[in-house]
Amino acid sequence: MDDLRLAVVTGVVVVHVIGTYGVDVGWYEQGPSASPAVLAVLAGPAWFALLFGLAPLFALAGWFAALSVGAHGVAGFVRRRLVRLGLPLAAYVLVIGPVAAFLAAGPGRGSWPGLRDRLTGWGGHDLGPAWFIAVLLALSLIFGVLAVGAPQLASRRDRPDGVPTILLGLAAVALAVSIIDVLVWWRWPYTESSPWNLNPAHWPQAAGAFALGVLAYRGRWFEPLPLAAARVSGLAALVGVAGLGLLAGVVVSTRPDYRDLAGGGHWTSLVFALADGLIAIGATVWIVGVFRAHARDRRTGWTKHLSRGSYATYLLHSPLVVAIALLLQRTGWPADAQLIAVVVVATPICLLVGAGVARLPILDRML
């Protein structure tokens, strides 16, 4: 499953580069806007990845959480997660994120705040993309507490579940995600910012994907994923994508305030929530099944090396992407050319830096 992690983290880097050049993904650096034609092509995939791209990582985290509790016990699992998630999260909030924000607020943007002020002033801190790590830590601790009272959560069945059991479990998780979406979005719609970039609108999907991973571990769903279950999951995701696309078209043509799509108790948010459950769970199962079945056959020494550093890449890519984008702005190239250049340059640099850092003593146990 390391290949899947590598693919998702690579996608995260590319989406954040796209966010630098005019597509609103909540990124630090805002460079020159790409041409309308390029934005029209990239906006949809970037927003789709922003909404659903991290679900496979949460599912993998749930799978490995159940594995870790079974192998090390609840206490050992909690200790490991506090080290592997808590310490990197603190490093991002206290150092890495402020450095990225400092670089993005550099010359030509009105001021050059002192790096010390960014590091020591609370106004310069938020989670940025590390909201994923914060939510994953919270889900892991909750799972540890639940495993104390229900140790069977970390046990595996002797035989893989059948297709009907798998599909019933997937339907239950997808429906739970949709229901909780509606409740959470009523208070925190996707279109509203949150303190410290906590991203509460994304939590139901994250929790659902994590629960999917736990269920998949217990029922041996991916050993291998039955073809019928993969097909149904993929079809459910396509239905969700089609419904979300039609809904977006209706909202854009009838009500220009797109905020109705993302929460606040509107009928559109209910449809969006149903699509969220279908896509997040259906696509995750299909993607994990594909990678489990095929990706291992294409692994090379380099992909193994880069996969090992994918977590470090996620943690460190923010200041690297911002710095590379700022350097390329000095070339005076058109924004479209800068976007392509940053993708080509920043993506391998981030992956290589992450892989290198993950091999350092002490850090290799954390990252």
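Here are some notes:
- Per-residue Karplus couplings for the range 357-363, computed as 6.51 cos²θ - 1.76 cosθ + 1.60 with θ equal to phi - 60°, are listed in order as 5, 5, 9, 6, x, 6, 5 Hz, Gly and Pro entered as x.
- Mean ellipticity per residue at 222 nm, deg cm²/dmol - from DSSP H runs of n ≥ 4 across the chain, formula -39500 (n - 2.57): -23000 deg cm²/dmol
- Positive minus negative residues near His202 (Lys, Arg vs Asp, Glu; Cβ under 11 Å): -2
- For the range 194-202, 3J(HN,Hα) per residue [Karplus equation, 6.51 cos²θ - 1.76 cosθ + 1.60, θ = phi - 60°, Hz, x = Gly/Pro]: 10, x, 6, 6, 5, 6, x, 4, 8
- About its Cα centre, the dipole of the chain is roughly 1100 debye, where the only charges are +1 on Lys and Arg Cβ and -1 on Asp and Glu Cβ.
- Selection among Val343, Val83, Trp267 by position relative to the dipole of the chain gives Val83 as farthest towards the positive end (Cβ unit charges, Cα centre).
- The alpha carbon centroids of the range 205-225 and the range 306-367 are separated by 30 Å.
- Charged neighbours of Arg157, selected by a Cβ distance under 15 Å, balance to +1 (K, R count +1; D, E count -1).
- Each of Arg5, Arg84, Arg220 has some number of other Cβ atoms within 10 Å of its Cβ, and from fewest to most they run Arg220, Arg84, Arg5.
- The range 1-47 and the range 49-70: distance between their alpha carbon centers, rounded to Å: 22
- Phi angles of the range 20-26 translate, via the Karplus equation with coefficients 6.51, -1.76, 1.60 and θ = phi - 60°, into HN-Hα couplings of 6, 10, x, 8, 6, 10, x Hz per residue; Gly and Pro are given as x.
- Think of the chain as having a plus end and a minus end, set by charges on the Cβ of Lys, Arg, Asp and Glu; of Ala147, Val99, Gly70, Gly70 sits farthest toward the positive end of this dipole.
- The range 132-206 - percent relative contact order, Cα under 8 Å, separation 6 or more: 27
Coordinate-derived values only; no laboratory data. Remember, it's a predicted structure, so these values are computed and weren't measured experimentally. Virtual Cβ from ideal backbone geometry, glycine too; neighbours counted across all protein chains shown.
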